[in-house]
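A short write-up of the structure that comes next.
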Amino acid sequence: MDKARPDRWIILLVLSAAAGCTQRHHAPVASSVPPPARPEVLHTGRLWLSFEGQTPDTQCVRPGKSRPLCFEKVRDALARALERGLWPSFPAVSVKDHGDELAPGDYLLWVQLGLEVRSPQDASPGWSAAARGRWQLVRDGFPVAGETVFSRSRSDFAYGRSLGIGAGEVLDAVSVRIASVLGSLPEPQPQLAIPLPPVETGKLDGAVQPERVARP
(Lines give C-alpha, C1' and ligand atoms only; values in the text may rest on other atoms or scores of the structure.)
Protein backbone atom coordinates (compact mmCIF):
# COMPACT_ATOMS: atom_id res chain seq x y z
CA MET A 1 0.00 0.00 0.00
CA ASP A 2 1.29 3.45 -0.94
CA LYS A 3 1.46 5.44 2.32
CA ALA A 4 1.94 8.72 0.42
CA ARG A 5 -1.42 8.41 -1.38
CA PRO A 6 -3.52 10.10 1.41
CA ASP A 7 -1.16 13.07 1.30
CA ARG A 8 -1.61 13.34 -2.45
CA TRP A 9 -5.38 13.31 -2.01
CA ILE A 10 -5.16 16.13 0.52
CA ILE A 11 -3.00 18.17 -1.84
CA LEU A 12 -5.45 17.59 -4.71
CA LEU A 13 -8.38 18.67 -2.54
CA VAL A 14 -6.60 21.87 -1.50
CA LEU A 15 -5.70 22.68 -5.11
CA SER A 16 -9.29 22.03 -6.23
CA ALA A 17 -10.68 24.34 -3.54
CA ALA A 18 -8.21 27.05 -4.49
CA ALA A 19 -9.17 26.72 -8.16
CA GLY A 20 -12.85 27.04 -7.23
CA CYS A 21 -12.17 30.32 -5.41
CA THR A 22 -10.59 31.79 -8.56
CA GLN A 23 -13.48 30.87 -10.85
CA ARG A 24 -15.35 34.09 -10.11
CA HIS A 25 -14.70 37.79 -10.58
CA HIS A 26 -14.72 40.15 -7.58
CA ALA A 27 -15.91 43.69 -8.23
CA PRO A 28 -15.86 46.04 -5.21
CA VAL A 29 -18.41 48.78 -5.83
CA ALA A 30 -16.61 52.12 -6.20
CA SER A 31 -18.91 55.05 -5.47
CA SER A 32 -17.77 58.52 -6.45
CA VAL A 33 -19.98 60.06 -3.73
CA PRO A 34 -21.50 62.96 -5.70
CA PRO A 35 -21.85 66.39 -4.05
CA PRO A 36 -25.08 66.93 -2.12
CA ALA A 37 -27.95 68.60 -3.90
CA ARG A 38 -29.22 71.85 -2.41
CA PRO A 39 -32.41 70.96 -0.53
CA GLU A 40 -35.61 72.89 -1.07
CA VAL A 41 -36.96 71.97 2.39
CA LEU A 42 -35.22 71.56 5.74
CA HIS A 43 -36.71 68.70 7.77
CA THR A 44 -36.75 68.43 11.55
CA GLY A 45 -36.71 64.65 12.08
CA ARG A 46 -33.65 62.42 11.91
CA LEU A 47 -33.38 60.12 8.91
CA TRP A 48 -32.53 56.43 9.36
CA LEU A 49 -31.41 54.24 6.46
CA SER A 50 -32.47 50.60 6.39
CA PHE A 51 -30.90 48.00 4.05
CA GLU A 52 -30.88 44.87 6.23
CA GLY A 53 -32.49 41.93 4.47
CA GLN A 54 -33.25 44.05 1.39
CA THR A 55 -29.97 45.08 -0.21
CA PRO A 56 -27.30 42.37 0.21
CA ASP A 57 -23.76 43.65 0.74
CA THR A 58 -22.41 41.02 -1.70
CA GLN A 59 -24.42 40.31 -4.85
CA CYS A 60 -23.32 37.65 -7.36
CA VAL A 61 -24.59 37.37 -10.92
CA ARG A 62 -23.77 35.04 -13.80
CA PRO A 63 -24.84 36.26 -17.25
CA GLY A 64 -25.06 33.40 -19.71
CA LYS A 65 -21.99 31.17 -19.68
CA SER A 66 -19.71 33.81 -18.17
CA ARG A 67 -17.92 33.25 -14.90
CA PRO A 68 -19.81 34.47 -11.82
CA LEU A 69 -19.27 38.13 -10.96
CA CYS A 70 -19.68 39.23 -7.32
CA PHE A 71 -20.33 42.88 -6.50
CA GLU A 72 -18.91 43.56 -3.03
CA LYS A 73 -19.47 46.31 -0.43
CA VAL A 74 -22.75 47.29 -2.06
CA ARG A 75 -24.41 48.51 1.16
CA ASP A 76 -21.36 50.53 2.18
CA ALA A 77 -21.24 52.35 -1.15
CA LEU A 78 -25.00 52.98 -1.12
CA ALA A 79 -24.94 54.25 2.47
CA ARG A 80 -22.10 56.69 1.75
CA ALA A 81 -23.85 58.05 -1.33
CA LEU A 82 -27.18 58.49 0.49
CA GLU A 83 -25.65 60.06 3.59
CA ARG A 84 -23.73 62.50 1.41
CA GLY A 85 -26.81 63.44 -0.60
CA LEU A 86 -29.37 63.62 2.23
CA TRP A 87 -27.62 65.28 5.15
CA PRO A 88 -28.25 68.87 3.94
CA SER A 89 -32.01 68.28 4.20
CA PHE A 90 -32.07 66.37 7.51
CA PRO A 91 -30.43 67.15 10.87
CA ALA A 92 -28.86 63.66 11.00
CA VAL A 93 -28.58 60.71 8.60
CA SER A 94 -27.47 57.31 9.91
CA VAL A 95 -27.70 53.63 9.00
CA LYS A 96 -30.12 51.92 11.39
CA ASP A 97 -28.68 49.07 13.45
CA HIS A 98 -30.62 46.48 15.43
CA GLY A 99 -30.34 48.42 18.69
CA ASP A 100 -31.39 51.80 17.29
CA GLU A 101 -34.85 53.03 18.22
CA LEU A 102 -36.81 55.62 16.28
CA ALA A 103 -38.06 58.64 18.19
CA PRO A 104 -41.39 60.29 17.35
CA GLY A 105 -40.93 62.37 14.23
CA ASP A 106 -37.96 60.38 12.89
CA TYR A 107 -37.91 59.29 9.27
CA LEU A 108 -37.10 55.75 8.10
CA LEU A 109 -35.91 55.20 4.54
CA TRP A 110 -35.69 51.59 3.40
CA VAL A 111 -34.01 50.82 0.12
CA GLN A 112 -34.08 47.57 -1.83
CA LEU A 113 -31.61 47.41 -4.73
CA GLY A 114 -30.29 44.56 -6.83
CA LEU A 115 -27.33 44.88 -9.19
CA GLU A 116 -27.28 43.40 -12.69
CA VAL A 117 -24.88 43.25 -15.62
CA ARG A 118 -25.77 43.80 -19.26
CA SER A 119 -23.78 42.25 -22.10
CA PRO A 120 -22.47 44.29 -25.04
CA GLN A 121 -25.00 45.04 -27.75
CA ASP A 122 -24.64 46.10 -31.38
CA ALA A 123 -24.07 49.76 -30.55
CA SER A 124 -22.31 49.16 -27.22
CA PRO A 125 -18.56 48.55 -27.01
CA GLY A 126 -18.60 46.85 -23.62
CA TRP A 127 -20.48 45.63 -20.59
CA SER A 128 -22.60 47.78 -18.30
CA ALA A 129 -23.93 47.58 -14.75
CA ALA A 130 -27.54 48.22 -13.76
CA ALA A 131 -29.49 48.66 -10.54
CA ARG A 132 -33.14 47.81 -10.09
CA GLY A 133 -35.27 48.16 -6.97
CA ARG A 134 -37.52 50.38 -4.91
CA TRP A 135 -37.48 52.69 -1.93
CA GLN A 136 -39.98 54.04 0.57
CA LEU A 137 -39.89 56.78 3.20
CA VAL A 138 -41.88 56.25 6.41
CA ARG A 139 -42.54 58.60 9.32
CA ASP A 140 -44.25 57.54 12.54
CA GLY A 141 -45.45 54.36 10.83
CA PHE A 142 -47.06 56.13 7.85
CA PRO A 143 -45.66 56.03 4.29
CA VAL A 144 -44.63 59.45 3.00
CA ALA A 145 -43.12 58.75 -0.44
CA GLY A 146 -41.71 55.92 -2.53
CA GLU A 147 -41.10 54.67 -6.04
CA THR A 148 -39.46 51.97 -8.13
CA VAL A 149 -36.11 52.82 -9.71
CA PHE A 150 -33.87 51.54 -12.50
CA SER A 151 -30.56 52.89 -13.73
CA ARG A 152 -27.93 51.63 -16.16
CA SER A 153 -24.30 52.70 -16.42
CA ARG A 154 -22.33 53.52 -19.55
CA SER A 155 -21.52 50.47 -21.66
CA ASP A 156 -17.75 50.52 -21.97
CA PHE A 157 -16.53 48.23 -19.17
CA ALA A 158 -14.67 44.98 -19.51
CA TYR A 159 -16.33 42.04 -17.84
CA GLY A 160 -14.84 41.68 -14.37
CA ARG A 161 -13.54 43.97 -11.65
CA SER A 162 -14.03 47.19 -13.63
CA LEU A 163 -17.81 46.71 -13.53
CA GLY A 164 -17.62 47.76 -9.88
CA ILE A 165 -17.11 51.30 -11.20
CA GLY A 166 -20.25 51.00 -13.31
CA ALA A 167 -22.17 49.71 -10.29
CA GLY A 168 -20.98 52.75 -8.35
CA GLU A 169 -22.34 54.99 -11.09
CA VAL A 170 -25.85 53.56 -10.91
CA LEU A 171 -25.86 53.63 -7.09
CA ASP A 172 -24.85 57.29 -7.21
CA ALA A 173 -27.60 57.99 -9.76
CA VAL A 174 -30.26 56.32 -7.60
CA SER A 175 -28.99 58.16 -4.50
CA VAL A 176 -29.19 61.54 -6.26
CA ARG A 177 -32.73 60.73 -7.38
CA ILE A 178 -33.82 59.82 -3.84
CA ALA A 179 -32.14 62.91 -2.39
CA SER A 180 -33.87 65.18 -4.90
CA VAL A 181 -37.30 63.75 -4.05
CA LEU A 182 -36.81 63.81 -0.27
CA GLY A 183 -35.25 67.27 -0.38
CA SER A 184 -38.46 68.72 -1.82
CA LEU A 185 -40.97 66.97 0.47
CA PRO A 186 -42.96 69.37 2.68
CA GLU A 187 -42.16 69.38 6.39
CA PRO A 188 -45.39 69.07 8.43
CA GLN A 189 -43.59 69.89 11.69
CA PRO A 190 -41.43 72.93 10.88
CA GLN A 191 -39.14 74.24 13.56
CA LEU A 192 -38.62 77.97 13.79
CA ALA A 193 -35.00 78.98 13.92
CA ILE A 194 -33.89 80.74 17.13
CA PRO A 195 -32.14 83.99 16.18
CA LEU A 196 -28.53 84.30 17.30
CA PRO A 197 -27.35 87.31 19.31
CA PRO A 198 -25.70 90.16 17.41
CA VAL A 199 -21.92 90.33 17.11
CA GLU A 200 -20.10 93.64 17.56
CA THR A 201 -17.08 94.15 15.32
CA GLY A 202 -14.23 96.63 15.19
CA LYS A 203 -11.26 97.41 13.00
CA LEU A 204 -8.22 95.22 13.55
CA ASP A 205 -4.92 97.15 13.48
CA GLY A 206 -1.71 95.29 12.77
CA ALA A 207 -1.01 91.58 12.65
CA VAL A 208 -2.43 89.30 15.31
CA GLN A 209 0.26 87.50 17.29
CA PRO A 210 -0.86 84.15 18.70
CA GLU A 211 -0.41 83.78 22.41
CA ARG A 212 2.21 81.33 23.50
CA VAL A 213 0.92 78.61 25.80
CA ALA A 214 3.37 77.42 28.41
CA ARG A 215 3.78 73.68 28.36
CA PRO A 216 3.69 71.91 31.73
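The values are calculated or read from the model by the stated rules, or taken from the named source; none is laboratory data. Keep in mind it's a predicted model, so treat the numbers as computed, not measured. Here the Cβ is made from the backbone with ideal geometry for all residues, glycine too, and neighbour counts use every protein chain on show.
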Original post:
What about Leu115, is it under 21 Å from Glu187 (Cα atoms), in contact with a helix residue (DSSP H, G or I) (Cβ under 8 Å, 6 or more places away or on another chain) and surrounded by 18 or more Cβ atoms within 10 Å (Cβ to Cβ)?
Top reply: no
**OP:** Residue by residue through the stretch 93-102, note down the ones that are surrounded by 12 or more Cβ atoms within 10 Å (Cβ to Cβ) and within 17 Å of the chain's Cα centre (by Cα).
**Re:** Val93, Ser94, Val95, Lys96
Original post:
Hey, among the residues in the stretch 159-189 that are touching a Ser or Thr at 6+ places or on another chain (Cβ under 7 Å) and loosely packed, with under 14 Cβ neighbours inside 10 Å, which one's modelled with the highest pLDDT?
Top reply: Glu187
**OP:** Just give me the residues in the stretch 147-192 being assigned to a strand (DSSP E or B) and of a type in the set (A, V, I, L, M), in sequence order.
**Re:** Val149
**OP:** Identify the residue in the stretch 58-92 that is of a type in the set (Gly, Ala, Ser) and over 17 Å from the mean Cα position of the chain (by Cα) and, among all such residues, is surrounded by the most Cβ atoms within 10 Å (Cβ to Cβ).
**Re:** Ser89
**OP:** Just one of (1) at pLDDT 90 or above; (2) assigned to a loop (DSSP other than H, G, I, E, B); (3) within 24 Å of His43 (Cα to Cα); (4) of a type in the set (Val, Ile, Thr) trips up Val138, so point out which.
**Re:** (2)
